[in-house]
Each structure stands twice: as structure tokens, then as C-alpha cells.
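Chemist: Sending over a structure as C-alpha cells; questions will come in a sec.
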Amino acid sequence: MSPAIELIGVILLPTAVGYSLLGSGRLVRWVAEQRKVARFRAAAPVTAEPIERLGARMRRLRAELEALETRTDLPAKGVRLRAVRGAYLDLLRVACERLDVAPLRPGDLVPQAEIYRAEAALREQGLDVRETASR
């Protein structure tokens, strides 16, 4: 063999061995994580939250959202509004899925008209989310 090919082999061989060691370590970690996830899924059956409790949480978040929107004396009001609106949208999506209503588009930037449409469709199915929350 020519010395140039031997030199290239000597330089590339340790690099290939190093990458294979790193890759095998990542593979072992990934397999262990997948086994842990599979064991957790098998151990804990998922139970759906009762629709009454879901409605109560939605009414509470809706009332909190409306109260936050009108207050002016809150520090970091925008952050709080995004957090409460995101939680409300998550629950609204779950309720739409459970009651077979057309779902909202994914993400936190959902137009208000689409939220009103989903709330009206849920109201037709018997879940009114616009009631005032009792405290």
C-alpha cells in the first residue's frame, strides 16, 4: 500500500473510533430512556378528567383572564395574561376534543373569533365556559 493511503487511514481511524464510541453512548442512553418511558406508560393508566371538573377549571380560568385584562395595577401583566390565556386555550382544546367539537388551531396565537366559535360550540354541547366562577 502507498504511504499516503496508510497516513489517511491512521488519521481517520481514531476519529471513526471516537465517533462510534460517542454514538454508542448516545444509543445506550436513548434505549434506556425509551424503556423507562414504556415502563411508565404501562404502569400508569391515563384516566380522563370528569367533564364537570374540566368545565369548572375553564370557568375559573376564564374569570381570571377577564379580571386580568381589565386591571391596570399589575406588574408583568403581559406575562400573566399570556400564561393564563395559554392555560385556558389548553383546556379549551381538551374540551373540544372530548366533546367532538372542531378543534382550535395549535399555538397560543389563536384569534378571538375562533375562541368565541369554540366556546359557542361547547355551549351547544352543554358545557358553558362563560359562566362566572363561584368563589
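Chemist: Is it fair to say A118 is surrounded by 11 or more Cβ atoms within 10 Å (Cβ to Cβ) and assigned to a helix (DSSP H, G or I)?
Modeler: Criteria met by A118.
Chemist: Of everything in segment 105-135, what is at pLDDT 85 or above and small (G, A, S)? Give them in sequence order.
Modeler: A113, A118, A120, A121, G126, listed by residue number.
Chemist: Residue by residue through segment 80-113, note down the ones that are surrounded by 12 or more Cβ atoms within 10 Å (Cβ to Cβ) and not in a helix (DSSP H, G or I).
Modeler: Of everything in segment 80-113, those that are surrounded by 12 or more Cβ atoms within 10 Å (Cβ to Cβ) and not in a helix (DSSP H, G or I) turn out to be L99, V101, P103, L104, V110.
Chemist: Of R71, R82, R93, which residue is closer than 25 Å to A48 by Cα and not aliphatic (A, V, I, L, M)?
Modeler: R93 is the lone residue from the list that is closer than 25 Å to A48 by Cα and not aliphatic (A, V, I, L, M).
Chemist: Restricting to segment 1-25, what's the tally of residues that are exposed (fewer than 10 other Cβ atoms within 10 Å of the Cβ) and among the charged types (D, E, K, R)?
Modeler: Total meeting the criteria: 0.
Chemist: In this structure, does L61 turn out to be without any contact (Cβ under 8 Å) to a residue 24 or more places away in the chain and out of contact with any strand residue (DSSP E or B) (no Cβ under 6 Å at 6 or more places or on another chain)?
Modeler: No, not satisfied.
Chemist: Continuing with this model, one more query. Going through segment 70-91 one residue at a time, which ones are closer than 22 Å to L104 by Cβ and touching a helix residue (DSSP H, G or I) at 6+ places or on another chain (Cβ under 7 Å)?
Modeler: Passing the criteria: R80, L81, V84, R85, A87, Y88, L91.
Chemist: Right, here's the next one. Hey, among the residues in segment 2-48 that are part of a loop (DSSP other than H, G, I, E, B) and without any contact (Cβ under 8 Å) to a residue 12 or more places away in the chain, which one's nearest to L99 (Cα to Cα)?
Modeler: Per the criteria, the residue is T47.
Chemist: Would you call A48 under 20 Å from the mean Cα position of the chain (by Cα), under 30 Å from E124 (Cα atoms) and either assigned by TED's automatic domain parsing to the domain that holds A120 or not aromatic (F, W, Y) (or both)?
Modeler: yes
The values are calculated or read from the model by the stated rules, or taken from the named source; none is laboratory data. Nothing here was measured: the structure is a model prediction, and the numbers come from that model. Neighbour counts are summed over all protein chains in view; Cβ atoms, including those assigned to glycine, are modelled from backbone coordinates with ideal geometry.
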